[in-house]
Amino acid sequence: MTGVKVGQKVSNMIAVDVGGTKVSCGVVRVGAQVEILARQRYESRKHSGLEEILEDFLAGTRPDAIGIGVAGPVHEGVARFTNLPWVVDAAQLGARFGSPVTMLNDLEAHAYGLADADPASITELQEGRPVARGNRALIAAGTGLGEAFLVPVRDGYVVSATEGGHCSFAPQEKDDVELLQFLQSRYPGGHVSWERVVSGVFGFRNLYEFLTERRGARPGEELAQAVAAAAATEATDYGAPICAAAEADDPLAVAVVRWFVRLYGAEAGNLALKTLSTGGIYVGGGIAPRIMRWMREDDAFLRAFRHKGRFEALLSAMPVRTVADPDLALKGAARAARI
């Protein structure tokens, strides 16, 4: 709905989730629970910047507050995106729209939204033995790879954003070592981050091209056509055609998805150890629901998650849950704007 008309009182709050692929805007009511009253989705790259999108969404109204989660680091109120050629300045947006603006990293927004997550969107992968006031963490593969953690305080949790998805990829198996070597020639300085292997915009494509170009694997006809169509549009995200082909049991697509799942689990375990997430770790983002079959098959995700040598027992005690609430970042951005 273009030009959402915002209400006048408690509903006069706007929450925004800015990703490399899409921007979601919502009219929000914040009370004991967060309620999304109206929403609109925009394709990020079809717009010159966030200001243009907000002008369309607000249609001349003046909200009481705007909360924005962005896919990239926020420094002194300014965000420079990792996978989008935008710069967003919270102070400038506030002056333009006459409203206080709270801007935070998108995974930080997701983490603040966990308290309001739809219970039906949560799937338990590992029950564990949660520590009541233990740290929690959130990892989310979508367009990129985001990570955040939550530290308990007296009246809830304080959330900290990270850029952990850009830490150096750590190969564990022979195939991983060869993948690292294959990718080092593709990226500046030879640095290969976890986002290069576990994300929608990079991960599926890199795994697919390694198997086809280095190993000589051949996709089925339908997968080959789907990937060619994506490449023809300069799409870098091969996730949708590969996941669809895996559901149809294309051997190459299944191999890519299984490898992706193992790497995803391994990095989730790294995050859990770094943040000592005895209260639980959550797996969010848009990719997990599409690959849930393989995440649960033979405990593939959990085996990689727990494969940490002397700390396997500690990781086995940590609850692991997926969360697929599509409004999580909107809810969290709204919460953060009211703090």
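The values are calculated or read from the model by the stated rules, or taken from the named source; none is laboratory data. Note that the structure is a prediction, hence the values are computed from the model and not measured. FYI the Cβ positions are ideal-geometry reconstructions off the backbone, even for glycines, and counts take in every protein chain you see. The accessibility values were calculated without ligands, DNA or RNA, using every heavy atom of the protein model including side chains. Shrake-Rupley method; radii C 1.70, N 1.55, O 1.52, S 1.80 Å.
Between the listed residues Gly203, Ala224, Ala268, the Cα displaced farthest toward the positive end of the dipole of region 195-269, a dipole computed from Cβ unit charges relative to the Cα centre, is found at Ala268.
Counting only protein heavy atoms and a probe of 1.4 Å, the accessible surface of region 255-323 is 52% carbon and sulfur.
Just to confirm the number: angle between the C-alpha axis of helix 221-232 and the first principal axis of the chain, 0 to 90 degrees, nearest 10? With both axes taken from Cα atoms, the answer is about 50 degrees.
At 25 °C and a viscosity of 0.890 mPa s, what translational diffusion coefficient does Stokes-Einstein give for region 254-339, taking Rh as the Kirkwood radius over Cα pairs? Give it in µm²/s as a whole number. Show your work: numbers first, answer last.
Values: Rh = 13.8 Å.
It diffuses with D of about 177 µm²/s by this estimate.
Helix 328-338 axis versus longest C-alpha principal axis of the chain: approximately 40°, rounded to the nearest ten. In degrees from 0 to 90, rounded to the nearest 10, what is the angle of the helix 174-184 Cα long axis to the longest principal axis of the chain? Relative to the chain, helix 174-184 is tipped by roughly 60 degrees.
Over the chain, what is the mean sequence separation of C-alpha contacts under 8 Å (at least six apart), divided by residue count, expressed as relative contact order in percent?
Details: 699 pairs, mean separation 76.2, N = 339.
Relative contact order comes out at 22 percent.
Summing charges over neighbours of Lys308, with a neighbour being any other residue whose Cβ is under 14 Å away from its Cβ, gives +3 when K and R count +1 and D and E count -1. In the complete set of protein chains, residue-level accessible area for Ser316 is approximately 50 Å², probe 1.4 angstrom.
Per residue, how much accessible area does region 57-139 have with a 1.4 Å probe, in Å²? Present the calculation step by step, with values, prior to reporting the outcome.
Values: 3800 Å² over 83 residues.
In whole numbers, region 57-139 has 46 Å² accessible per residue.
Normalised by the number of residues in region 1-127, the mean separation of alpha-carbon contacts (under 8 Å, six or more apart) gives a relative contact order of 23 percent. Over region 24-175, the alpha carbon radius of gyration divided by the compact-protein estimate 2.2 N^0.38 Å works out to 1.18. The share of accessible area on region 111-182 that comes from carbon and sulfur is 51 percent, using a 1.4 angstrom probe.
Tell me the per residue accessible area of region 194-287 using a 1.4 Å probe; a whole number in Å² is fine. Don't jump to the answer; show the numbers that get you there.
Details: 3540 Å² over 94 residues.
Result: 38 Å² per residue.
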